[in-house]
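Structure first, commentary second.
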Amino acid sequence: MTMASRVLLVLAVALVAAAGSCSASWELNIRMPTSASQRLHAAMEDGAVHVAPLIHALRPLLGSGGEMGSLGGVACDSWLLGVEAHNVRGWKTIPAKCEGYVGHYMLGSRFRRDSKVVIDEAIAYAEGLKLAGNGKDVWVFDIDETTLSNLPYYATHGFGAKPFNATSFNAYVLEGSAPALPETKRLYNKLVSMGVKPVFLTGRTEDQRVITETNLRRQGITGWMNLLLKQPGFKGSAVAYKSGERQKLQDAGYAIVGNIGDQWSDLLGAPEGSRTFKLPDPMYYIG
Ligand SMILES: *[C@@H]1O[C@H](CO)[C@@H](O)[C@H](O)[C@H]1NC(C)=O
């Protein structure tokens with residue numbers, strides 16, 4: 001498949017990641033090889049596009065990432081594993097040749113499936129906790145790509161293949177339309193039912209508080225103890241900011257029984273929390 005033979009397609013796409021629990025939809029511009037686009041046009045027929053079957057139909061054409069995403073000897077699936085294991089660090093954009101691979105990873109069943117493993121483990125861990133039951137047990141949640149998905153934005157911006165554009169991304173955030181990640185929501189609801197208090201700890205800034213709260217509530221996420229946003233003027237790293245906020249929680253007498261995020265910078269730096277959970281995110285890296 002030559003990248004030169006790509007054509008631009010506009011698909012109306014339902015959020016596969018939220019299938020069954022959320023009806024969010026958006027327009028997706030995705031580049032595909034011509035033969036794949038022909039297959040897609042045939043499948044579209046009356047314009048009623050059902051994404052999940054389409055993705056599956058396209059997968060054999062685009063490859064599972066091993067060969068198709070070959071990049072100077074490093075295949076996209078190996079690159080993604082390196083990212084998740086935090087062996088590949090400090091990257092600014094995904095390898096250009098991996099745009100198709102990451103797009104299929106995110107829009108097909110794989111991202112949801114990988115997320116489900118994380119959440120199943122987190123829930124099993126939570127069920128085994130001996131809670132203090134004094135209202136001081138908290139679980140730290142990151143927001144972007146952990147609680148809310150910005151896939152509607154990234155799907156139209158190369159799935160992380162294009163350099164981060166703060167202007168367009170912030171405009172998207174201010175819509176307050178990001179869908180909840182259904183697996184994380186399952187954990188969230190479970191913890192609330194157990195009396196563990198959710199604390200949101202996000203790199204979003206204080207000026208985004210109202211829209212962030214609105215977005216969470218629109219997605220049926222309520223009952224958090226605290227929403228911690230970055231204060232204006234904070235200049236340190238994400239690890240310094242987030243570990244510093246966790247330290248303040250601990251100093252105030254809270255027990256951080258768990259901590260979940262999509263970035264390693266959500267999870268590194270003492271106090272990490274009694275246990276950490278890393279959700280997949282092949283689209284961007286925050287150090
Ligand atoms: C970033 O996004 C804004 C708003 O969509 C756009 O006007 C601008 O050209 C973009 N910048 C780059 C470098 O692409």
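Could you list, in sequence order, all residues of segment 239-287 that are in a helix (DSSP H, G or I) and open to solvent by 20 Å² or more (accessible area, probe 1.4 Å)? Correct list: V239, A240, G244, E245, Q247, K248, Q250, D251, W264.
Taking every residue in segment 157-168 that is assigned by TED's automatic domain parsing to the domain that holds G100 and on the phi < 0 side of the Ramachandran plot and pairing it with any residue that is within 7 Å of the ligand (Cβ to nearest atom) and open to solvent by less than 100 Å² (accessible area, probe 1.4 Å), at least 6 positions away or on another chain, the pairs with Cβ-Cβ distances below 9 Å are H157/N165; H157/S168. Restricted to helices (runs of 4 or more DSSP H) entirely inside segment 147-227, those with at least 3 residues that are under 30 Å from K97 (Cβ atoms) and open to solvent by 30 Å² or more (accessible area, probe 1.4 Å) are 166-173.
In the condition set (1) out of contact with any Leu (no Cβ under 7 Å at 6 or more places or on another chain); (2) touching a residue at least 40 places away in the same chain (Cβ under 8 Å); (3) acidic (D, E), D142 is compliant with all but (1).
Could you list, in sequence order, all residues of segment 110-143 that are touching a Phe, Trp or Tyr at 6+ places or on another chain (Cβ under 9 Å) and open to solvent by less than 20 Å² (accessible area, probe 1.4 Å)? F111, I119, A122, A126, D137, V138, W139, V140, F141, D142, I143 - these are the residues of segment 110-143 that are touching a Phe, Trp or Tyr at 6+ places or on another chain (Cβ under 9 Å) and open to solvent by less than 20 Å² (accessible area, probe 1.4 Å).
Can you find a residue in segment 218-233 that is at positive phi, touching a helix residue (DSSP H, G or I) at 6+ places or on another chain (Cβ under 6 Å) and among the hydrophobic types (A, V, I, L, M, F, W, C)? Full working, then the answer.
The first filter runs over segment 218-233 and keeps only residues at positive phi, leaving 220, 223, 233.
Next, from what is left, pick out any that are touching a helix residue (DSSP H, G or I) at 6+ places or on another chain (Cβ under 6 Å): 223.
Narrowing the set further to residues that are among the hydrophobic types (A, V, I, L, M, F, W, C) leaves none.
The answer is no; no qualifying residue exists.
Note on segment 119-156: residues that are within 16 Å of the ligand (Cβ to nearest atom) and farther than 15 Å from D281 by Cα total 1.
Condition check ((1) of a type in the set (K, R); (2) in contact (Cβ under 8 Å) with a residue 24 or more places away in the chain; (3) closer than 21 Å to S149 by Cα) across all residues:
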site	(1), (2), (3)
R186	yes, yes, yes
T205	no, yes, yes
R218	yes, yes, yes
L227	no, yes, yes
Q250	no, no, no
G269	no, yes, no
K278	yes, yes, yes
I286	no, yes, yes
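The values are calculated or read from the model by the stated rules, or taken from the named source; none is laboratory data. Keep in mind that this is a model prediction, so the values were computed, not measured. All Cβ positions, glycine included, derive from the backbone under ideal geometry; neighbour counts span all protein chains shown. What goes into the accessible areas is simple: the full protein's heavy atoms, side chains included, and nothing from ligands, DNA or RNA. Shrake-Rupley method; radii C 1.70, N 1.55, O 1.52, S 1.80 Å.
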